[in-house]
Structures are given as structure tokens and as C-alpha cells.
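Let me begin by presenting the structure, written as C-alpha cells, before commenting on it.
The values are calculated or read from the model by the stated rules, or taken from the named source; none is laboratory data. As the structure is a prediction and not an experimental result, all values here were calculated from the model. Using ideal geometry, Cβ is built from the backbone for each residue, glycine included, and neighbour counts are taken over all protein chains shown. These area figures cover heavy atoms from the full protein model, side chains too; ligands, DNA and RNA do not enter into them. Shrake-Rupley method; radii C 1.70, N 1.55, O 1.52, S 1.80 Å.
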Amino acid sequence: MTAPARFLPVAAALFTGIQVGAALVVSRYVIDQITPANLAMLRYAIGFLCLAPAVVLISRQGFKRQDIIPICALGIFQFGILVALLNYAVRFLPSAQVALIFSTFPLQTLVLAFLLGKETITFTKTLGVLLTIAGVAVTLGPDLFSTSSSDMEWTAILAVLCSAFIGAVCSIFYRPFLDRYPAQNVSTLAMLASVIVLFGYSAARSELASIELLNAAGWSAVLFIGLSSGAGYFAWLWALKYLPPTRVTIFLSLGPISSTVLGAFFLAEPVTLPLIAGIGLVVTGLSIGFK
């Protein structure tokens, strides 16, 4: 790849990092009007409708039969369960905190890749890990050990950590399929699988009726989340096609920054010194650890 071409996957990963934070803020705005599963379903239904024409018009390459089920499974976890967990978490935590905890995604990717024999852990990576953990601890501060923290808040924190782990697993196991097929094809199939499962889940729980509660502002928020997510996850998978997983996921550290700025501007969420210090430590740690 030429120098400009090598920059394109980096730009795609950069866009994804910013988009994650923006989507979290908008999700927090609309989450009181819709269930987490329905929001995730609409999010990727819109994303699927955006990407499907590209598959039809640009690349009609079919999938081998043995690859369809693994790609669908990755999509269900990546676009369904992961996002539903994040949507649940933003009910009980500020979007900036959710984004910051989710920024352990690259850290979990590194550890998992090491355990699978795909990465080595050096001194700088270890230092990055420690700084990242310190950033999360500084941000949450007394709430980590406060007896006044509700069970729902602790459950929300666990949900975000689980969603980051799912993302780490998927970021590693997507690569073989991205080597075989165009990124838009993999994205579209993965999103379709997640939409079908989320629709079935909502129907089984009789939650589809909650969609009717969305007002005009709520629908505008859902459309923004869906359109940006379609573009964001295509960019993420496309970047994974050309860059190692840890190089791509490091840009998710931008999520807390964009979430903090947008959350303060649109939702009047507080921007505290511990939060700023925590974001600084996380970004510094990831920068050092994944050079």
C-alpha cells in the first residue's frame, strides 16, 4: 500500500473511535423511550439498509457455506449482544463513564491475543495496561468501593466490561473472513443476523410495542445512531482488514473523549477533574502500550 493508502485504515479506525462516543451519548438521550434490545435492533436494521445496496451494486461475491454461520455468530455477538449490554449500561451510568470503561476493549484484545499466541506482551505494553487500569480507577474513584453504589450500577459496570470482552473476541476472529470477503459484505451479513435475533428476542418478550413510544426527537436520535453505526462498523471492519486488531482498537480510546464533550454539551453531564484525569491516563496508557 502507498503512504496515502496506508493512512486510510488509520482514518477509518479514527472515525470509529469518535463514532462510538457519539453513539453512546445519543443512546443515553433516547434510552428512556425504548428498550435496549429494540434500540440495538433498530440501530443495525438501519445500518443493514445502508450497507445492503453497496453489496448489491459493488460486490456480489457470495459466501462459502461453511463461513456463513461463523460470520452470523460474530454479528450476533458484535452487533447484538455487545450493543444491548451498552444500551443497558447507559440507563444507570453517564455515557462518558460507559465509554471510559469500554475503552478497556484494546486492553482485553491484547490480553486475549497474547493468550492465543498472536501477540507478545512487552514492558511498554505492560506499562500501558497499568496506566489504563489506573485511568478507570481514577475516573470511578470512590464509587468503585462505595457501599452506597447500587446493585444496578455494579451490574451496569459489569455489562460494559462484558461488552468490551465480546468486542475483543470478535476483533480477533473477524480477520480470516475479512481476508476472504469485502468488508461491506461481512458487515451486512453480520448486521442482518443480529437484527433477526434481536427482533425475535423483542417479540418473545412483547417489547416491540415500545417502539411506538418514540417521539419525533427519539426517531431522529435512532436514525443518527443507525446511520453512524452503519458507517462506523463498516469502517471498523475495513480497518481490521488491513491493520492488526490492537492497532485498530486503540482508537476506541477516543470514545471517552467524544462522549465527554458531547455529553457535557447536549446532556449537561458533569465534566469532573477525575474524569478528565482518567481519560488522560487511558489515552496515554493505550498510546504507550500499543506502539
- Query: By how many nm would the segment from LEU116 to ILE276 lengthen if fully extended, with 0.36 nm per residue of separation less the alpha-carbon distance?
  - Reply: 54.2 nm
- Share of carbon and sulfur in the accessible heavy-atom surface of the chain [1.4 Å probe, %]: 73
- Work out, step by step, the length gained on full extension between PHE7 and ARG180: first 0.36 nm times the residue separation, then minus their alpha carbon distance; give nm to one decimal. 60.1 nm
- Query: Put a dot 7 Å past each Cα toward the Cβ at PHE266 and LEU208; how far apart are the dots in nm?
  - Reply: 2.8
- Query: Going through the DSSP H helices of the chain, which span 20 Å or more along their own axis at the Cα atoms while scoring at least -0.5 as a mean Kyte-Doolittle hydropathy?
  - Reply: 3-30, 36-57, 123-140, 151-173, 183-204, 216-242, 273-289
- Message: Please compute the modelled spin-label separation between MET152 and SER220, points set 7 Å along Cα→Cβ, answer in nm with one decimal.
- Response: 2.8
- Taking a probe of 1.4 Å and leaving out DNA, RNA and ligands, the chain shows per residue an accessible area in Å² of 45
- Item | Relative contact order of the chain, pairs being alpha-carbon contacts under 8 Å that are 6 or more residues apart, as % | 44
- From DSSP H assignment alone, runs of 4+ in the chain each adding -39500 (n - 2.57), the sum over residues rounded to the nearest 500 puts [θ] at 222 nm at -25000 deg cm²/dmol
- Rh_Kirkwood(the chain) over Cα pairs, Å, one decimal, evaluates to 19.2
- Item | Rounded to the nearest 20 debye, dipole of the chain from Cβ charges on Lys, Arg, Asp, Glu | 1020
